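Student: Can you read through this structure? Questions will come right after.
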Amino acid sequence: MSKDEVILLDFWGSPFAMRVKIALAEKGVEYESREEHDLLGKKSELLLKSNPIYKKVPVFIHNGKVVCESVIILNYIEETWPSPSLLPACPYGRSQARFWSDFIDKKVFEGGSKIWNSKGEAQVEAVKEFIGIVKVLEGALGDKDFFGGDSFGFIDVVAIPLTSWFYAYEQCGGFKLEDDCPKITAWMNRCMQKETVAKVIPDPTKVYELVCMLKKMFGID
Ligand code: GS8
């Protein structure tokens, strides 16, 4: 069989693209990352052509076939390269992994964004709301090492990239997540010990610089 051609339309600061890179690293799949250097300005022709609906990264192109939306891409990767599996074997376990991925998708990034794009009382509220969201996640983690149990799996892949923005949220909102959510902080450190994660997650201070740039761009200051 000829070698698969795997291309990722990427942006270094996108937690959604990081998910795909971690899943591919876990599966040992080689790929070519094409950085969208000007994601917030002029997007590449390939991005516009491949994801005409949302015009966002990540876009996954496997032997010419295009898949969009990070969690849909993760499911595609899981089915295409089933080993090692990131999802549990049983249907119930899979349903739970999908439930929490959906919760994370709906709440965490948007909750964090409210912190950096607000001020004053609204920001205080946004910080409270964000801590509440992370506490719910902490409840789902319980005393386990990873969300699915003893080993790093699907929910971890979905969640860990979003934490690369947490330092920026803390700097903007003037709080320390560890004070309220020590278990999530310990889980973050545990995940970061994995090479597949550590090599993908950017330096949090670089993400903070990106957030400061976004604040300027949107006139929030
Ligand atoms: C979100 C992708 C996204 O927001 C997914 O893949 O899961 N639901 C999608 N991508 C951002 C970069 S990360 O903030 C993006 O491409 N933004 C460009 C734009 O909005 O124009």
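Student: Find the Rg to Rh ratio for region 6-80, where Rh is the Kirkwood radius over alpha-carbon pairs and Rg uses the same atoms.
Tutor: Looking at region 6-80, the ratio lands at 0.93.
Student: Quick one: work out the % antiparallel among DSSP beta bridges in the chain, nearest 5.
Tutor: Here the share of antiparallel DSSP bridges comes out near 70 percent.
Student: Continuing with the same structure: Lys49: which lysines have alpha carbons under 30 Å from its alpha carbon, excluding same-chain residues fewer than 8 sequence positions away?
Tutor: Straight-distance partners of Lys49: Lys3, Lys21, Lys27, Lys65, Lys106, Lys107, Lys199, Lys206, Lys215, Lys216.
Student: Right, here's the next one. Hey, what number do you get for the chain at 222 nm if only DSSP H runs of n ≥ 4 count, each worth -39500 (n - 2.57), divided across all residues, to the nearest 500?
Tutor: -17500 deg cm²/dmol
Student: Taking every eigenvalue of the Cα gyration tensor of region 156-221, multiplying by 5 and rooting it, what semi-axes result, largest first, whole Å?
Tutor: 23, 15, 8
Student: According to the square roots a ≥ b ≥ c of the eigenvalues of the Cα gyration tensor, what is the shape class of region 92-163, taking rounded for a/c under 1.5, prolate for a/b larger than b/c otherwise, and oblate for the remainder?
Tutor: It comes out prolate by the Cα gyration axes.
Student: Can you spot the aspartates and glutamates whose alpha carbon is less than 19 Å from Lys144's alpha carbon? Ignore those fewer than 8 places along the same chain.
Tutor: The reachable aspartates and glutamates, counting only those whose Cα sits under 19 Å from Lys144, are Asp156, Glu178, Asp180.
Student: Could you work out how far the C-alpha centroid of region 108-126 sits from that of region 77-98, in angstrom?
Tutor: Rounded to whole Å, the Cα centres lie 33 Å apart.
Student: Among 161-172, 90-101, what's the highest-first ranking by average C-beta atoms within 10 angstrom per residue?
Tutor: With the highest mean Cβ count within 10 Å placed first, the list reads 161-172, 90-101.
Student: Between the alpha-carbon centers of region 160-180 and region 2-27, tell me the distance in whole angstrom.
Tutor: Computed from Cα coordinates, the inter-centre distance equals 24 Å.
Student: Which order do the peptides 18-25, 48-55, 31-38 take when ranked by the mean count of other beta-carbon atoms within 10 Å per residue, highest first?
Tutor: Packing proxy ranking, top to bottom: 18-25, 31-38, 48-55.
Student: In square angstrom, what is the accessible area per residue of the chain with a 1.4 angstrom probe? Provide the component values of the computation, followed by the final result.
Tutor: Values: 11240 Å² over 221 residues.
On a per-residue basis, the chain sits at 51 Å².
Student: Moving on to the next point. In terms of the Cα gyration tensor, with a ≥ b ≥ c the square roots of its eigenvalues, is the chain rounded because a/c is under 1.5, prolate because a/b exceeds b/c, or oblate? Mind dumping the intermediate values first?
Tutor: Working: a/c = 1.98, a/b = 1.17, b/c = 1.68.
Oblate.
Student: A further question on this structure: Let me check I've understood the local charge: for Ile184, count other residues with C-beta under 11 angstrom from its C-beta, Lys and Arg +1, Asp and Glu -1. What total comes out?
Tutor: Residues close to Ile184 contribute a combined charge of 0.
Student: Quick one: pull the percent of accessible area on region 129-188 belonging to carbon and sulfur, 1.4 Å probe, ligands and nucleic acids left out.
Tutor: Carbon-and-sulfur percentage of accessible area, whole number: 48.
Student: Which of the peptides 193-202, 68-77 is most tightly packed, and how do the rest follow, judged by the mean count of other Cβ atoms within 10 Å per residue? Spell out each step's value before the answer.
Tutor: Working: 193-202: 15.3, 68-77: 19.8.
Output ranking for 193-202, 68-77: 68-77, 193-202.
Student: Also: When a/c is below 1.5 the answer is rounded, else prolate if a/b is larger than b/c, else oblate, so apply that to region 1-45 with a ≥ b ≥ c taken from the square roots of the Cα gyration tensor eigenvalues.
Tutor: Oblate.
Student: So, one more: With a Cα-only, solvent-free Debye model of region 91-217, what are the log10 I(q)/I(0) values at q = 0.12, 0.14, 0.16, 0.21 Å⁻¹?
Tutor: At q = 0.12, 0.14, 0.16, 0.21 Å⁻¹ the computed log10 ratios are -0.45, -0.61, -0.79, -1.30.
Student: Here is a follow-up. How large a share of the accessible area of region 15-74, in percent, is made up of carbon and sulfur atoms when the probe is 1.4 Å and the other protein chains stay in place?
Tutor: 55 percent
The values are calculated or read from the model by the stated rules, or taken from the named source; none is laboratory data. Since the structure is predicted, the reported quantities are computational estimates derived from the model, not experimental observations. Please note: Cβ atoms are built from the backbone with ideal geometry, for glycine as well, and neighbour counts cover all protein chains shown. Note: areas computed on protein heavy atoms with side chains; ligands, DNA, RNA excluded. Shrake-Rupley method; radii C 1.70, N 1.55, O 1.52, S 1.80 Å.
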